[in-house]
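Single-structure report; data block below.
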Amino acid sequence: MVRRPQQLSLDELQLLRWLLGGVLMLLSVATVFYMDIGSEWMALLSAAGILAALVKPALPARVPNIVHRLAFPAILAFFAADLWRSGQILPAIVRLDLLLLLYRGLSYRARRDDLQIVVLGLFLIVIAGVLTVSLLFAGQILLFTGCALALLMVVTIAGSTEGGLAPKLAVRNVVPGWADYGWRNLFSRLWDVADWRLLASGIVLFAGVVVVSGLLFLAIPRFQLENSLFLERFVVHKAMTGFNDQIKFGDITDITQDDGVAFNADISDQTQAPATPYWRMVILDEYKDGSFKLSPGMRAAFERERTSANILPGYGGYRNVPSWTFYLESGVSRYLPTLGRFYALRFQDAHNFRYSTDLGIVALRDEPASMTAYRVEGMNPGSDQMVDLPFAGRWKKRGRVGFPMQMDIDLSAPDKAKLQKTDDDLGVVKGMATRDFAVKAIDWLRMRHRYALSPSIPSGDGDPLIRWLVSTEPGHCELFAGSLVMMARTAGIPARVVTGFKGGTWDAYSGNYTVRNSDAHAWVELWDSTVHSWIREDPLAAATIDPTKEVGAAAIAGIMDRSWAARINSLRVFWYRRIVNFDQQTQADAAKAVKEATDSSGRWIRETLAGLVGNMKTWFLGPWSTSKILKLSPIAVVVAMIAWLLTTGRWRLAGVGRGGKVDPVRREAGRWLRKVDGPEPLVADLQRLRYGPSPSWPKPTEVFRKARQAASSSRQRARRRASSRSTS
């Protein structure tokens, strides 16, 4: 009989605690690199110290006692000085957490200290979960969760070992016995004692919990965690890319890329999918005190607030064009992205909204707290013009009533002079064609400035936009768009800034547009009186566009995304499509797809089984030979073994007596075999009682008495060893 491997000793459990604690601290420290709070140097220092103590468990014993006495006062003093120097509470708290983890990693830990590192690490995980925009964080939090659960389990087992008298780890300046055990020996012992069936079951259960949690995350309405916890306001240094319904120049110098998904969009006919759609959301026409915003006159263009599941303007849309289904994530905006005017917009549920037919803009009452789905019909993504007959009538009379801000230049006299000089240098004169002006102005802006997420606005007096315009510094899309608007108004052309999103990628797995916060963009609409339309002009657009890549398969191929981020996002889109629907057609399509899959699977199974039966029948009815019999003999042996296992064999292997019931003597012997590490004769007697035939059994009562004595002696020896280590 094969002897069951011995369970882990107390020293091995303590070394395993040290390993899991170190890995847990390293995982939590790594989350700092996802936060843009300037604490990377502290994270590297903490990781280096923790890793050194993890590789050499005897290293903490060399730390002088004075370090332990002064550690916490020094850490608190550092936190106070850091908070006073930076003035930002969240980065200071993160650095305090890193120092505490470093100290815990360089000292032997008691049970309560292991619980502390779980809490300290969990704090960093939560903060990173709020501030991060990296998809790798999802895998990291799963590793942290699994490691934390394993650490808590080992802490519990070690604490209950030897009747709860397991020695603590927090003994300073003394190298514990487990520290010299060696990692190779520990890993070898873990391999020996591992119950792979139990381990596989635990992995399957953990994976099931993760899957169910992910489904619940997709199903339950979500809200913006950072807005609720107010964490973003404690990090005041950079802006994140994303939609803004107001542009303020001069406040922010750097913009951080946020690759979080803003919305997904389905198109009913992929042959008409554009390569670079412009998703309009809001128009900003009033420029004052260095900022663009929606003017009161433009707000008056919106209808009164209504509550409905449908928006039917009655005109302005296009027929015989694809329909679009949008899945707008929470926290993006209360303005809904569209491609311009539409024939109809349908929500999944009734919403409170205001709509402007002239502008083609929909504004909800509040920013949605969960994903918002809506379907839009009658949009034409291939046009860069939007007809505006009401404005054309007012412009013909040269009246500015209703939209005064689209020609307004609220600047000081010196700034107006700089603008006029710029137009004069370009050869721009009032009354010139809108397209001709746009070509000249955009070429000048591109030649003078380059694009950058870290713009530089020169210091000095006057308006910040004008200071940047007349300089040669780099800038982002808002600076380019704002400058073009001011130059156009100086030339007598009505102009306004439009903000929203540009482009996006095509998810190769779910077949839809995925638009991220990093795709947020600002462009310009210029008035062209010859066509009674607003003309879209993007100062940062490509100078030439290959017409073969404008729509359809060629357009999709140019923006195809096959990354892991696209795979993950496709699961979200799949969930949205199956849960969110605007009519019964989606449900009918899903039911039809399931029915077809079931029928095809059943048909394949039937055909496969029929083919196997036919082949077996042909083989058996064919001529028999020696080689054929030899080929059949292994099958016969396997069938006989299976029959034996199904009848009496499994009961014999399991040590079950007659009638299918476990013999109480065998059960008791099995229990003592798991506990006793005694003399070989005693183990042999217990194995005979557990597995041997009953006529060969020794006297059970005598064997069980010796087993109890051996277990008691083993516990006493363990207590003496623990006491001697504590004394030393």
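Okay, here's what the table says:
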{"item": "Filtered trypsin sites (Lys or Arg not before Pro), segment 448-478: DSSP coil and at most 16 other beta carbons within 10 Å", "result": "Arg450"}
{"item": "Entries of Lys288/Lys430; Lys248/Lys397; Lys288/Lys397; Lys440/Lys502; Lys397/Lys502; Lys248/Lys396 with Cα pairs more than 30 Å apart", "result": "Lys248/Lys397; Lys397/Lys502; Lys248/Lys396"}
{"item": "Accessible area (Å², per residue) of segment 262-421, counting only protein heavy atoms and a probe of 1.4 Å", "result": "43"}
{"item": "For segment 1-83: rounded, prolate or oblate by the Cα gyration tensor [a/c cutoff 1.5]", "result": "oblate"}
{"item": "Segment 274-289 and segment 71-126: distance between their alpha carbon centers, rounded to Å", "result": "45"}
{"item": "Full-stretch length increase - Val126, Phe33 - with 0.36 nm per residue and alpha-carbon distance subtracted", "result": "32.1 nm"}
{"item": "Potential extension, Phe72-Ser9 segment - 0.36 nm per residue separation minus Cα distance", "result": "19.3 nm"}
{"item": "Lys/Arg +1, Asp/Glu -1 at C-beta; segment 1-76 dipole; positive extreme among Ala58, Val23, Ile75", "result": "Ala58"}
{"item": "For segment 1-91: accessible area per residue (Å², 1.4 Å)", "result": "52"}
{"item": "Pairwise FRET efficiency - Asp289 versus Ala452, Cβ, R0 = 30 Å, nearest 0.05", "result": "0.80"}
{"item": "Burial order of peptide ranges 57-69, 431-443 (average beta-carbon count within 10 Å, highest first)", "result": "431-443, 57-69"}
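The values are calculated or read from the model by the stated rules, or taken from the named source; none is laboratory data. Note that this is a predicted model, so its numbers are computed, not measured. Backbone-built Cβ (ideal geometry, glycine too); neighbour counts: all protein chains shown. These accessible areas exclude ligands, DNA and RNA; they are computed on the full protein's heavy atoms, side chains included. Shrake-Rupley method; radii C 1.70, N 1.55, O 1.52, S 1.80 Å.
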